[in-house]
Amino acid sequence: MHVMAHLTDPAVLSNPATLSNPATLGRGLVFLVAMVVLLVAHQVGDHVVQTDHQAGRKAGPGWPAARAMAGHLCTYHALAAVLLASAFALLRLPLGGSGLAAGLAFSAVTHGVLDRRWPVRALLRATRASRFAEATTPVSGMYAADQAMHYLALLISALLIATV
């Protein structure tokens, strides 16, 4: 049976055993939904939910920076978890607890490292893009590279959600 015909068959969609089996729906579909949701969660978590206090202090020294980073990572990933759980429930797609935990844990660790800023700057210097790292026009090189690295991490997080 063709996969789309199988996935749209009412008998298949109404069978809870079918819906809880990632192999039936395909890991590709789970990955795709997870990736889209993680990208939306990233935009909202970094650009709407993150406070000025968190954004201004998370890359600094000492305990104030650690507290700001912890607050940012907690709100960002709580939002991501709620959006993932909601989207998967509304779409009646399987979302395994171990995959979700692995994906969110990877995201939290990499997000925390990248948001310290020095790793992105070091990466740009290592790839001989130090002028881009310091650029502010026509785009902020650091911000563009930071976002690119976050997206790479989210790709891996979505793969973990779909495969673990």
Q.
Only one of Ala41, Ala78, Ala85, Ala34 is assigned to a helix (DSSP H, G or I) and in contact (Cβ under 8 Å) with a residue 60 or more places away in the chain. Can you tell me which?
A. Ala34
Q: Give the number of residues within the stretch 44-75 that are touching a residue at least 12 places away in the same chain (Cβ under 8 Å) and of a type in the set (A, V, I, L, M, F, W, C).
A: 7
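Here is a yes/no grid of residues against (1) more than 16 Å from Ala148 (Cα to Cα); (2) surrounded by fewer than 15 Cβ atoms within 10 Å (Cβ to Cβ):
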site	(1), (2)
Val36	no, yes
Val48	yes, yes
Thr51	yes, yes
Pro64	yes, yes
Leu73	yes, no
Leu90	yes, yes
Q. Looking at this structure, is Ser98 more than 16 Å from His150 (Cα to Cα), open to solvent by 60 Å² or more (accessible area, probe 1.4 Å) and among the small types (Gly, Ala, Ser)?
A. yes
Q.
I need the full set of residues from the stretch 101-122 which are in a loop (DSSP other than H, G, I, E, B) and either among the acidic types (Asp, Glu) or open to solvent by less than 30 Å² (accessible area, probe 1.4 Å) (or both), in order please.
A. Asp115
(Q) Condition first: open to solvent by 70 Å² or more (accessible area, probe 1.4 Å) and either of a type in the set (Gly, Ala, Ser) or in contact with a Gly (Cβ under 7 Å, 6 or more places away or on another chain) (or both). Now tell me which residues in the stretch 123-148 satisfy that. (A) Ala126, Phe132, Glu134
**Q.** Hits in the stretch 75-86 - residues which are open to solvent by less than 20 Å² (accessible area, probe 1.4 Å) and over 17 Å from Gln54 (Cα atoms)
**A.** Ala80, Leu84
Q) Do any residues in the stretch 142-164 that are within 26 Å of Arg27 (Cα to Cα) and free of Cβ contacts under 8 Å to residues at least 24 places away in the same chain have Cβ atoms under 9 Å from those of residues that are of a type in the set (S, T, N, Q) and assigned to a helix (DSSP H, G or I), where the two are at least six apart or on different chains, and which pairs are they? A) Leu152/Thr110
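The values are calculated or read from the model by the stated rules, or taken from the named source; none is laboratory data. Please read all numbers here as calculations on a predicted model, not as lab measurements. Neighbour counts are summed over all protein chains in view; Cβ atoms, including those assigned to glycine, are modelled from backbone coordinates with ideal geometry. The protein model used for the area step is the full one, side chains on, heavy atoms only, and it has no ligands, DNA or RNA in it. Shrake-Rupley method; radii C 1.70, N 1.55, O 1.52, S 1.80 Å.
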